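Shown next, in structure tokens, is the structure this report addresses.
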């Protein structure tokens, strides 16, 4: 993990999901991933609203999409699934941690991507899965 002194991003941090949570709740690793059929060793979050929107919109569930403001309670690192693998330099400001994230607020309103954009993203992810390229380093 990256030492906190080496992490330049101070937030605020967001987590997009379809889970209904309360202020003070903890998001923790070791729950079923939204993007693969296994438990995740990390909890993922971002410092950009754009990436959080995708997290909420692509999460597996028919529940309401939500974006929470979160506080990392431990060390965190750049998410290797996007940083330098897909977006050199981490412009999505995407991170992961093995420590919990504390819910500090819920974003009351935000503009979601169009249904067409979401459909295109889901089709791209499905194509990667079929090609065996939808590998998440966890």
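The values are calculated or read from the model by the stated rules, or taken from the named source; none is laboratory data. This structure is a prediction, so every number in the text was calculated from the model and none was measured. When we count neighbours, we look across all protein chains shown, and the Cβ atoms used for this are built from the backbone with ideal geometry, even at glycine.
The criterion of at least 3 residues that are touching a strand residue (DSSP E or B) at 6+ places or on another chain (Cβ under 8 Å) and modelled with pLDDT of 95 or more is met, among strands (runs of 3 or more DSSP E) falling completely within the range 4-115, by 13-17, 66-72, 101-106.
Residue check: is residue 118 within 17 Å of the chain's Cα centre (by Cα), surrounded by 14 or more Cβ atoms within 10 Å (Cβ to Cβ) and at pLDDT 90 or above? When the stated conditions are applied, residue 118 passes them.
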